[in-house]
Amino acid sequence: MLLFSEPQKACTTSRSGRKHTPGRGARCCHSQLQRRRWFVLRLLPLLFAIFPLSNCGQYPEQRAESPGLYFLVDETRSLDCDSVLSESDWQPVGAVLNQGFTDSAIWIKVQGEPGLPGARFIMFRQAMIGEAMQCGPAGIRKAGVTVPVHKWPLNVRYPTFRLPPGEGPFYFRVVSRKVVNFPVELYGMPELLNHIQVRQIIQFTLLAGAGITALFFAAIYLYSFRTLYLLFSLALFCVTGSLFITYGDGYLYLWPGSPAVQNAMFKFTSMVAAMFSSLFVRSLLQTWQWKWLDRIILAAIGFQALAAFSSLWPSLDPFFFVVLVSGPFVGVLITVPVAFIRLKEGDVPARFYFLGWIALLAAFFFNILVFRGVLDYEAWMAHAPIFAAPITFLFLGLGSYSRMQSEKRKRYLLQEKNRLLMEQLEGARSAVLHRKEGDRSSQIVSSAYPVSSKTKTKTRTKAETSSGSNSSSDSNSSNSTEGPGGSGRSQLAGVDLEAKKALLLKSMKEDKLYEVEDLRLEALARHVDLRPHQLSELLNQILNTSFSDFLRKFRIDAAMAKLADPSCPDSILDIGLAVGFGSKTAFNRSFASITGMTPGQFRSQAKRDRLAERAS
C-alpha cells in the first residue's frame, strides 16, 4: 500500500500554499492514492516490461561525490570500533564504492555535516549485504530503520542507518556476501519515503507479473495438452517468480528474519528458473532427434537441478557458482549448433530462439561485468536481467507459437498423405476383387457354353493381346516411376501393382504384421512376394511414403481403436507395446506427431465424447 501512517502533509497542502483541514486533507490524500493505485494496477503489464527500474528514485544532485564520505579497506578484518579511530588511510567514497569481489571488511566514515540539508539517513544501495553495522556511543548497531509506511518490512531492501544528531564522525562496517559495487547515499526523510514508494511500485509490478504468469501456467495446465506451451508457461512463471524474490524484495517479505534462508532462496529460485528454461528450449528445438546430443542436454539440466538443491547448503556454494557461470556457455556450445541446423532447414522457430538467446546472453554478460566490478552497480546494465526477461520470453513465446503452427501443418500433411495412401490401397483391393469376380464369371460362362477350337483360338489370341496391353500398361506405370530425366530403370516392370497393393493392405489389416516390433523391410517384402528394393520402390514412388511411416500409420490406427474402446482395460504402455512400439516414449512421440495429442489425452477425449453422446 502506498499509504503513510504519519499525517499526510503533502496531500494537505495545496499548490498555493494554503492548508486544508485535516479531514479534508485525509479525503484528498485517500482519493489521490486510490486513483494512483488503480492507475498502477492498469499499467502493471506495461510497467513490467518497460519501467526504468535502475534509475528509479535517483537524484542527479545525490550522485555527485559527497565530500563527507570516506572508506577504508580492512583486509585482515582486524579493526574494531575503537582501533578504527586511529586509522589515517581514508579515501573519498565517490559516486560508487566499487571494490569488486573482496573478502575484506569495508569501513565507511561520515565526516562532519552530511552533504545534503536534512540528510539524516545513510544507505548502502546493494541488496543482500552479508553484514552492515554502525559504531556509536551506545555500541554496535545493525542496519534497519523504522519508517512510517504501512506494509513495509522492518528492514529496508538496502542496509540503512539513521544518523545520530551532531557532526560526527560516524563509522560503519560492511562485509558483503558478493561483489562490493554500490553507491553510498545520504537521504532525508522525504527522499527516503520517495525511495520506498518507488520500491513498492517495483515490488507490486514484479509480484503482479509473477501472479499473472502463475494464472497463465494454471490455465495451460488445465485446458491445454500442448507440452511445449506447458513448459513455456512453467519457465515463464519460474523466471518471474525469481525476479520478484531477487529484484522485487520477495525474500524480505517471505523470510524477513532469516538472512541465511533469504540467501538460499535467492540462489535456489534463480537456478530453478534456469533449469525449466533449459527444458523449454530442448522442446522448442526438438533436440531429441539427435540422441547423443539430447543426452548431453539432459545431463546439463540434471546438473542445474543438483545446483538448485545445493544452494540450500552454504558449503556447496562453489559447485553452485560453477554451474551458474558455466551454464550459459555450455548452452551456447550445445544448442547454437542445433539452432544453426534448424535455420539451414528453414525452421522459423529457431530464428526466434536466436533472438531471445542473444538478449539473455547480453544481460548475463553485463551482469558478470557488474559482479567483476567493471561496471557500476547503478548503471542500467546492472539491471539487465529485468529488461532482458520480458524481451527474451517475448521471442521465445513467438517461437513456441511458430513451432506449434509448424507442427500443425506437418500433422495435416501427414494425415492427408495417409488418407491418400489408404485410398490407393483400398482402390487396389477393390480392383483386384473386381478382377477376380470377372475371371470367375468368365469361367462359369465358358463351362456353360462350350465353343469350338477355332473360336477358342481366336479368344486366346484376343486374351493374349489384352494381356499384352495390360502388361504394357503395367510396364508403362512402372516406367513412369523412373528417376529424374528417365535415367533410372524401374524394378517393378512386369509386377502386378494393384495386386501387390492389395496384398500390402491385407498384410497390415488382416495379418497385422505391424504388431511385430522389429519388422524389417525384407520380411514384409517376402510376405508380399517382392524383393526388398521392389517393395521400397513401391512404397516410395507409387504410394509416396516410407517404410517407417507406412508401419507407423497402421500402428497408430490400431492404437487409436484400442484407446477409444471403453472395454479395453490395457494401460497406455501395454497398448503401445501391443501395436509394435518398443517404448512408451516412442509411442507417445509417434502418436502426437499424427494426432496432435498424447495417448492419454486421446483416451480422455474419447471418454468425454462418449459421455457427451449419452447426454444428448
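The values are calculated or read from the model by the stated rules, or taken from the named source; none is laboratory data. Keep in mind the model is a prediction, meaning the values are calculated, not measured. Neighbour counts run over all protein chains shown; Cβ positions are idealised from the backbone, glycine included.
Worth pointing out:
- The number of residues in segment 139-179 being crowded, with 19+ Cβ neighbours inside 10 Å, of a type in the set (Val, Ile, Thr) and at pLDDT 75 or above comes to 2.
- Given (1) surrounded by fewer than 18 Cβ atoms within 10 Å (Cβ to Cβ); (2) within 30 Å of ASP496 (Cα to Cα); (3) in contact (Cβ under 8 Å) with a residue 40 or more places away in the chain, index of the condition GLN534 fails: (1)
- Output for segment 589-608, where each listed residue is touching a Pro at 6+ places or on another chain (Cβ under 8 Å) and without any contact (Cβ under 8 Å) to a residue 12 or more places away in the chain: none
- The residues of segment 501-531 that are in contact (Cβ under 8 Å) with a residue 40 or more places away in the chain and either over 23 Å from ALA586 (Cα atoms) or over 43 Å from the mean Cα position of the chain (by Cα) (or both), listed by number, are LYS501, ALA502, LEU504, LEU505, LYS506, ARG531.
- Residues satisfying the criterion are absent from segment 313-325 (criterion: at pLDDT 85 or above, in a helix (DSSP H, G or I), hydroxyl-bearing (Ser, Thr, Tyr) and assigned by TED's automatic domain parsing to the domain that holds ALA388).
- Checking each residue in segment 559-616 for being under 27 Å from the mean Cα position of the chain (by Cα) and not in a helix (DSSP H, G or I) picks out SER583, GLY596, MET597, THR598.
- Single condition SER242 does not satisfy, out of (1) surrounded by fewer than 19 Cβ atoms within 10 Å (Cβ to Cβ); (2) under 16 Å from PHE276 (Cα atoms): (1)
- Yes/no for LEU396 being assigned to a helix (DSSP H, G or I), among the hydrophobic types (A, V, I, L, M, F, W, C) and within 30 Å of LYS506 (Cα to Cα): no
- Candidate set: segment 595-616, residues that are of a type in the set (A, V, I, L, M) and surrounded by 14 or more Cβ atoms within 10 Å (Cβ to Cβ); chosen: the one nearest to TYR223 (Cα to Cα): MET597
- Test: ALA499 is within 24 Å of ARG435 (Cα to Cα) and either of a type in the set (A, V, I, L, M) or surrounded by 20 or more Cβ atoms within 10 Å (Cβ to Cβ) (or both): yes
- Among (1) outside any helix (DSSP H, G or I); (2) farther than 22 Å from ILE575 by Cα; (3) at pLDDT 85 or above; (4) not small (Gly, Ala, Ser), the one test that VAL495 misses: (3)
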